[in-house]
Amino acid sequence: QVQLVESGGGLVQPGGSLRLACEASRSIFSIAAMGWYRQAPGNQRELVAVIRGGGRTDYADSVKGRFTISRDNAKNTVYLQMNSLKPEDTAVYYCNAFVNDIPYWGKGTLVTVSS
């Protein structure tokens, strides 16, 4: 079992940057995969980025080249660096972890991209 707490959301202008953080309540060293999802109003939750234990990463096509996911096992934290933000990136961003094939979710952090 693991609790996840996201932080770092906020209001940013188009073209700006934000870094989200997801702190876990236990060591993430052995967690096979952790990721970030997002859900915009009226839309389904979608995968943004995932990072696996070996460091392999995958991204949604819509964020490739703009977002970077990373993990700091010593701090039990996963990050999402978001650059060149667009209005269509506006959403609640959720952290996710799979532990023993069970998905765990944080409560989310709101990112609003607007001028």
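What follows draws every value from the coordinates through simple rules; no lab data is involved. None of these values were measured; they are calculated from a predicted model. Quick reminder, even Gly has a Cβ in these numbers, built from the backbone with ideal geometry, and neighbours come from all protein chains shown.
Things to note:
- Alpha-carbon centroid distance for the pair the stretch 88-115 / the stretch 8-76, whole angstrom: 8
- The mean of 1/r over all pairs of different alpha-carbon atoms in the chain, once inverted, gives a Kirkwood hydrodynamic radius of 14.0 Å.
- Summarising the overall dimensions of the stretch 34-91 from its C-alpha atoms, the Rg and Dmax are 11.9, 37 angstrom.
- Segments 55-62, 83-90, 19-26 sorted - mean Cβ within 10 Å per residue, highest first: 19-26, 83-90, 55-62
- Label-to-label distance for SER7 and PHE98 is 2.8 nm, based on points extended 7 Å past Cα in the beta-carbon direction.
- Across the stretch 37-115, Cα pairs under 8 Å and at least six residues apart give a relative contact order of 24 percent.
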